[in-house]
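Asker: Here it is, the structure, as C-alpha cells.
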Amino acid sequence: MSTISAPGTEAPAAQVPDYPMPRAAGCPFDPPPALGALQARTPLSRVRLWDGSTPWLITRYEDVRALLADPRLSSESSHPHYPHTSPAMKERRRQSQTFINMDDPEHARLRRMVTAAFSVKKVEALRPAVQKIVDGLIDAMLAGPKPVDLVRAFALPVPSLVICELLGVPYAEHEFFQGNSKILIKRTTTTEQARAATRRLIDYLDRLIGVKLAHPADDLLSTLSERVRAGDISRREAADMGMLLLIAGHETTANMIALGTLALLQHPDQLARVRESDEPRLIASAVEELLRYLSIVHSGRRRVALEDIEIGGTTIRAGDGIVLANDIGNRDPAAFPDPDRLDIGRNPRHHVAFGFGVHQCLGQPLARVELQVVYGTLYRRIPTLRPAVDLDRIPFKHDGNVYGVYELPVTW
C-alpha cells in the first residue's frame, strides 16, 4: 500500500541539501549515495534547487509511482512554484509550451494528435528500418579506423536517423538540431543561450511546417500541418510540438545506447548473456533492466501539488513544488530486490524510467524497439568490442538533465 493519504500535519523542515546531488567517485552508474540514504530514512524531504526554491523530494518507488498517477498534482510549468530543472529549461518552457507540461484536458487533446505515430503496432512496423540503420552504421565502423567514438559514430546517429525519418526532418541538418538540443538540456546553459537555441529550433521547425503545408508527405510533421490547415492547432503549436519530438526523439535514446553499452562492458557476465542470446525476450528484458539500472533522466519528474497531500505523516501543501526522483525510485529494494545489481534476466517492466500515469513518455515504444535492435545487434556483430580508454577518462554528463557520456572511445 502507498503511504500517500489524506492531509495531516507538516513536519518541521530539516537541513535542506542541494539537488541534484553529486554521484560518488568511481560509481558512475549509481544514483548519488545521499539519495539512497534519504530513501532509507524518510519518505520525503526538502531539497534546494538552483533558484533557491525548496520543493519536496520523493525517493521511494511506491510513492513516486503513486504520485505520478495522482490527479492532485499538476505538470503545468507556468505555475509560479513549478520546480524547474535549470534556468535553460525554465526559459525553454517559457518560450515553447508543449503538452508534456500541461494538464488535462489540453494535455490529452494535443497528445492525441501524435499518439498514433508512436503506437506499438506502428513502431513495430519500423523495426526492419531500424535494423537497416543499425547494420549500416556498424558496417561503417568496421570499415573505418580504430578506435572510434561510439557516441558520434553510432549512438547519436541511430535515433537521429529514425526520428528524422518519422518526423520528416532532413538528416543532413543533424548537426544543427543536435547542437541546439545539447544547449537546452545542459544545466549550465544560461538563460540567454537557452533563449537563442529555442528560437533557432522553433524557426527551423516553423519553416519545415511551411514546407509540409505546401508539399505534404507521409511523415509526422505533415500530419501536424494537416491539423494546422484544419484549424485544430496553430502553426506555432505545431512547431513547438515538432521541436519537442525532435529533441526527445534522439537525445534520450542516444544516451541510453552509449551509457548502456558502457554499463555492459563493465559487467562482462551480463554482456556475454546479451551477446550470445538469440532470444528476443532476453534482449527485451535487458533493455528494461538497463532502463531501470541507469534511469538517465536523473533530475526527477517535476510537479506542483494542487491540494494538500500527506505522505508518511508529512503534509505537502497545495502549491508546493515536488521532485519525483525516478532514478533512486528504480533502485528501491522494496520494489527491486538487490537493486544495485545489474541483472538482464530481471525484466523489471514496472520501472519508472519512462515515468508513469497520463504523462508517461509518449515515445517509449519507439525507444524500446531502437534499444532492442541495438543491444541485440552491436555486441553480436562486434563480439570483441571494448573501451579504448580507462573508465576514469570517459567524460560523463554530470552537468546534464539527461545523463550519459559525451564520448565513448571503443575498439575491437
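The values are calculated or read from the model by the stated rules, or taken from the named source; none is laboratory data. All values derive from a computational prediction rather than experimental measurement. Cβ coordinates were reconstructed from backbone atoms using ideal geometry, including for glycine residues, and neighbour counts include every protein chain displayed. The protein model used for the area step is the full one, side chains on, heavy atoms only, and it has no ligands, DNA or RNA in it. Shrake-Rupley method; radii C 1.70, N 1.55, O 1.52, S 1.80 Å.
Asker: Given the condition modelled with pLDDT under 95, open to solvent by 50 Å² or more (accessible area, probe 1.4 Å) and within 30 Å of residue 195 (Cβ to Cβ), answer yes or no: does some residue in segment 58-78 qualify?
Answerer: Within segment 58-78, one or more residues are modelled with pLDDT under 95, open to solvent by 50 Å² or more (accessible area, probe 1.4 Å) and within 30 Å of residue 195 (Cβ to Cβ).
Asker: Additional query: Which residue pairs have Cβ atoms closer than 6 Å, lie 6 or more positions apart in sequence or on different chains, and pair a first residue in segment 136-159 that is of a type in the set (Phe, Trp, Tyr) with a second residue that is open to solvent by less than 40 Å² (accessible area, probe 1.4 Å)?
Answerer: Listed pairs, sorted by first residue: 154/137.
For (1) touching a His at 6+ places or on another chain (Cβ under 6 Å); (2) closer than 22 Å to residue 302 by Cα; (3) open to solvent by 40 Å² or more (accessible area, probe 1.4 Å); (4) in contact (Cβ under 8 Å) with a residue 12 or more places away in the chain, each residue gets a yes or a no:
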site	(1), (2), (3), (4)
354	no, yes, no, yes
360	no, yes, yes, yes
363	no, yes, no, yes
378	no, no, no, yes
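Asker: In segment 95-108, how many residues are over 16 Å from residue 357 (Cβ atoms) and open to solvent by less than 30 Å² (accessible area, probe 1.4 Å)?
Answerer: Residues meeting the conditions: 2.
Asker: From the list 111, 152, 207, 127, which residue is of a type in the set (Lys, Arg), modelled with pLDDT of 95 or more and open to solvent by less than 50 Å² (accessible area, probe 1.4 Å)?
Answerer: Result: 111 is the single residue among 111, 152, 207, 127 that is of a type in the set (Lys, Arg), modelled with pLDDT of 95 or more and open to solvent by less than 50 Å² (accessible area, probe 1.4 Å).
Asker: Scan segment 352-367 for residues that are within 12 Å of the chain's Cα centre (by Cα), under 22 Å from residue 336 (Cα atoms) and not small (Gly, Ala, Ser) and jot them down.
Answerer: 352, 354, 360, 361, 364
Asker: Regarding segment 325-334, can at least one residue be identified that is open to solvent by 20 Å² or more (accessible area, probe 1.4 Å), in contact (Cβ under 8 Å) with a residue 60 or more places away in the chain and within 27 Å of residue 277 (Cα to Cα)?
Answerer: Within segment 325-334, not a single residue is open to solvent by 20 Å² or more (accessible area, probe 1.4 Å), in contact (Cβ under 8 Å) with a residue 60 or more places away in the chain and within 27 Å of residue 277 (Cα to Cα).
Asker: All but one of (1) crowded, with 23+ Cβ neighbours inside 10 Å; (2) of a type in the set (A, V, I, L, M); (3) closer than 18 Å to residue 65 by Cα hold for residue 344; which doesn't?
Answerer: It fails just one condition, (3).
Asker: Looking at segment 265-316, which of the residues that are of a type in the set (Lys, Arg) and touching a strand residue (DSSP E or B) at 6+ places or on another chain (Cβ under 8 Å) is most open to solvent (accessible area, probe 1.4 Å)?
Answerer: 301
Asker: Please list, ordered by residue number, the helices (runs of 4 or more DSSP H) wholly in segment 139-232 having 1 or more residues that are under 21 Å from the mean Cα position of the chain (by Cα) and over 23 Å from residue 126 (Cα atoms). Step through it out loud before you land on a result.
Answerer: Working: elements: 157-167, 174-184, 191-214, 220-230.
Of the helices (runs of 4 or more DSSP H) lying wholly inside segment 139-232, those with at least 1 residues that are under 21 Å from the mean Cα position of the chain (by Cα) and over 23 Å from residue 126 (Cα atoms) span 174-184, 191-214.
Asker: If you don't mind, there's one more thing I want to ask. What pairs come out if I take residues in segment 25-43 that are more than 13 Å from residue 331 (Cα to Cα) and pair them with residues that are open to solvent by 50 Å² or more (accessible area, probe 1.4 Å) and of a type in the set (A, V, I, L, M) whose C-beta lies under 8 Å away, six or more apart or interchain?
Answerer: From segment 25-43, the pairs are 28/391.
Asker: When the residues of segment 97-134 are filtered to those that are touching a residue at least 40 places away in the same chain (Cβ under 8 Å) and not in a helix (DSSP H, G or I), which remaining residue is nearest to residue 171 (Cα to Cα)?
Answerer: Looking at residues that are touching a residue at least 40 places away in the same chain (Cβ under 8 Å) and not in a helix (DSSP H, G or I), I get 126.
Asker: Then there is this: Would you confirm whether or not segment 221-230 contains a residue that is over 30 Å from residue 298 (Cβ atoms), touching a helix residue (DSSP H, G or I) at 6+ places or on another chain (Cβ under 8 Å) and β-branched (Val, Ile, Thr)?
Answerer: Initially, segment 221-230 is screened for residues over 30 Å from residue 298 (Cβ atoms), giving 221-230.
Pick out the ones that are also touching a helix residue (DSSP H, G or I) at 6+ places or on another chain (Cβ under 8 Å) and you get 221-225, 227-229.
Checking the rest, the ones that are also β-branched (Val, Ile, Thr) come to 223, 228.
The answer is yes, given that some residue of segment 221-230 is over 30 Å from residue 298 (Cβ atoms), touching a helix residue (DSSP H, G or I) at 6+ places or on another chain (Cβ under 8 Å) and β-branched (Val, Ile, Thr).
Asker: So how many residues does segment 210-236 have that are of a type outside the set (A, V, I, L, M), within 19 Å of residue 166 (Cβ to Cβ) and open to solvent by 40 Å² or more (accessible area, probe 1.4 Å)?
Answerer: 6
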